[in-house]
1. Only one residue in B:Phe76, B:Phe115 is out of contact with any strand residue (DSSP E or B) (no Cβ under 7 Å at 6 or more places or on another chain), within 13 Å of another protein chain (Cβ to nearest Cβ) and farther than 21 Å from B:Arg248 by Cβ, so which one is that?
2. Consider segment B:336-360. How many of its residues are open to solvent by 50 Å² or more (accessible area, probe 1.4 Å) and either closer than 23 Å to A:Asn125 by Cα or out of contact with any helix residue (DSSP H, G or I) (no Cβ under 9 Å at 6 or more places or on another chain) (or both)?
3. Kindly establish whether B:Ile395 is in contact with a strand residue (DSSP E or B) (Cβ under 6 Å, 6 or more places away or on another chain) and either within 30 Å of B:Val297 (Cβ to Cβ) or open to solvent by less than 50 Å² (accessible area, probe 1.4 Å) (or both).
4. When only residues in segment B:145-170 that are at the interface with another protein chain (Cβ under 8 Å from one of its Cβ atoms) and open to solvent by 40 Å² or more (accessible area, probe 1.4 Å) count, which is nearest to the chain's Cα centre (by Cα)?
5. Scanning segment A:93-112 for residues that are crowded, with 22+ Cβ neighbours inside 10 Å and among the aliphatic types (A, V, I, L, M), which turns out farthest from the chain's Cα centre (by Cα)?
6. Looking at this structure, is B:Ile488 over 22 Å from B:Phe311 (Cα atoms), within 14 Å of another protein chain (Cβ to nearest Cβ) and open to solvent by 30 Å² or more (accessible area, probe 1.4 Å)?
7. Taking strands (runs of 3 or more DSSP E) that do not extend beyond segment B:524-610, which have at least 3 residues that are of a type in the set (Ser, Thr, Tyr), in contact with a helix residue (DSSP H, G or I) (Cβ under 7 Å, 6 or more places away or on another chain) and open to solvent by less than 70 Å² (accessible area, probe 1.4 Å)?
8. In this structure, does A:Ala92 turn out to be farther than 17 Å from B:Gly385 by Cβ, outside any loop (DSSP other than H, G, I, E, B) and within 9 Å of chain B (Cβ to nearest Cβ)?
Amino acid sequence: MKKSLITASLLAFTLSAAPTPVTAQDDAFGGLNPWLDCGIGALIFPDHETVAAISNIIWDLGTTAVTSASASRGSCNGNRLVAAQFVTDSYANLEEEVAQGEGKHLQAMLNLMQCETSAQPAAINAIRSNFAHVMSAEEFATLAQEQKAEALFYVTEAACTLS
Amino acid sequence: MRMLFGFTLSVTFLASFNTFAADVDLAKVSQQQDWRNLLHIPRHSNRSEIENQAFFLADNGRNDAEAELRATLALFQQEHVDNNDHPQCIYPARFFWLQQQGLLVDVERARCTDFSEWAEVAKLESSSLIFADGFLGNPASFYGHLLLKNNTQADEFGSELLNNSMNFGAAVSDDENPIVYILKGLFGGYQATYSASHFYRYNLNYAEAELRDLWNYELNISVEQAYLLAAHNWELLNTAYTYYFTHRNCAYHLGRTLELVTDQPMMPAHEPFVFPIAVVNRIFNNTINGEPAVRSVRHVESRQSRFRRKFLQLSNSEQHVARRWVETEGDSESDFLELNQSSRIRVLDVLADYYEFQLSQQRNDSNLKQRKNEVLVARMQLPAGAEAFVPANAIPPHQGVGGSMLQPRLIHNSELGAGVDLTYRIAYYDMLTPNAGKAPDSALSMGELGVRWHQDTGLELAKLWAVNIESLNINPTGLPGDGGRAWILRAGWQRNYVSAAGDDLQTFLRGGIGKAWQFGSTRLYTMLDGQLTGGDDLGNKFAIMPRVGFTYEFERSKVQCETRFIQANRTNSWAYTCDARAIHGSNWDMRIGIAHEDYTEGYLGVTVYW
């Protein structure tokens, strides 16, 4: 519950930090919140503890891969939802590339969010500037990856809309 | 869902189809290797390796390539309300190939939007075989893994992250008992399937989380062949197989799929062990359309490799500031501010990699999350643009040796005299094996069998190591959490030919931990091992063995020497060993070595890899 309040505050802060009249999160997904309603969550990675891993020592010719990296072609597969999933999964790479102002994950995110090519340089500047404010919030580092991704998604959407 | 699966053909329908086949020798077409490859029927067999009947359109399609061809041709001409459920859309590779053979040329093409979007047909350009290498820091990842990736035109930077990729693996429940897991993996207890996902997810899983370097072998294929492969991959998403860890694994089945485009076969039918590295070597040495099968090889570094490479390129002062930042948890502003802007950016970029590398091992560490956040916020205060680091220059795995080896040696033992021995290793490598495609400073062997002959003893089993894993786990950066304890785990049966306590075959279990350091091409290590045995002639059943040693590499040679003190429950002794790889080629090396405990022996041997 506390984390939800923090997220809500951050999202509000996100929107205020982005100098835009953003209402994207209200209707971007037809009233759905993809992180809540479409089950978007960060990838779950294998346990790297040695004891657990020893049992797998000689058996990794494919056996560990399928359960952790498969994707369905089922529900929640619209372009914007694919973008939301990408931002959530790749958040660690994205926050670094936002900080650097370039990178292939950042580029893929902008393409997925259909950010006009001509507008992308300005959008990247805006994302960088606005997300720096978001990341500077005291509680931001403690948020779950999905929550951080949600904040980045809306900052990006606002930046692309404006640029 | 693909509603077509489960369809069967009526006799009436097949009969009506016979008129179509009148001027085409369908029996001959069905025996073409391409058609058999599409059905995954191996050479020298008439039975498909795909086990689920739902994949086949004829009742006897698994065992009868011609019946499956006739059934396929018949269904492809059917009208269908929903285009994506049309047989052409479920078997796009079959349809494409049959059209290439001059069949079905007048048949209207279905609009297969699901497949077209999945394969990004409009932009499809080529395919890649992706090799994920082994990594001893994560023992689940020792042997490597393979993927197939669709490649689209590289006109959009970052687009490859969103290309679809194929994975093959056994379906294992998350809470599987480890013993059951091993047994079922060995003896066919799991069903295996293909799965597909955007490449970025595999990159996250393997390179970012499991810290495995990826190698992208782009195939030298035409756009039409890229389409055929992608279309066949789409078909394979609804196939099932019995999984055998040793020989019917990802390497085998992806290798079989590649035979759709290669000039020469990739996979012999009866190989007892199939390793990913062998498939990489085979594709690299194969041809497609008479040209080399691989167009380019690209290295995708793991998070750890990337962090290490960049850290080691920092200047001394930059490394000092990075270390201070980590030691003081970011509270070393004065050091940081002494750097110029360019150096600050370099340090912060490396620190971001470092903290994310740490987080990949400790996902819920809130302190690490906070530290990384601080680094990124500091980075955002500086101008955009990545600072240049020199790209990685690692040796690609196809330049390494094969996974299995045979090693004959000539021996002279001060007690037993001259002799010979022969060692066979199913997989994978030892401390002296050439480095390409393997974790550095490590050994990993499974099923290492040695026999030896001396005149006095005759031919006898010298050793059978069930498992031997060693890792020096060196920390090249000096930062906390990068590398750590060296360790060894070895178990099986062996004789000790240099001990006066007898050379009976002993069951043993040995484990140890220690620490290693790197100085240029030299690694120093110290270990404390413990060993349990079945008991020697002097009554020794357990021992503590502190040891120190070094490895040194120069050009194509490598040497490892160590001394250890063996404090057993009844006796103690000193032992010395020195082993060297004198030289190596693409699939062989020459070894020389000496060992001394109570007796002394030396050897000269040749290792052949495949």
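1. B:Phe115
2. 3
3. Values: in contact with a strand residue (DSSP E or B) (Cβ under 6 Å, 6 or more places away or on another chain): no; either within 30 Å of B:Val297 (Cβ to Cβ) or open to solvent by less than 50 Å² (accessible area, probe 1.4 Å) (or both): yes.
No; evaluated as a whole, the condition is false for this residue.
4. B:Phe157
5. A:Ala99
6. Working: over 22 Å from B:Phe311 (Cα atoms): yes; within 14 Å of another protein chain (Cβ to nearest Cβ): yes; open to solvent by 30 Å² or more (accessible area, probe 1.4 Å): no.
Criteria not met by B:Ile488.
7. Those strands (runs of 3 or more DSSP E) do not exist here; none qualify.
8. yes
The values are calculated or read from the model by the stated rules, or taken from the named source; none is laboratory data. What you are looking at is a predicted structure, and each value in this text was computed from that prediction instead of being measured. For neighbour counting, all protein chains shown are included, and Cβ atoms are generated from backbone atoms with ideal geometry for every residue, glycine included. We work out accessible area using only protein heavy atoms, side chains counted, and drop any ligands, DNA or RNA first. Shrake-Rupley method; radii C 1.70, N 1.55, O 1.52, S 1.80 Å.
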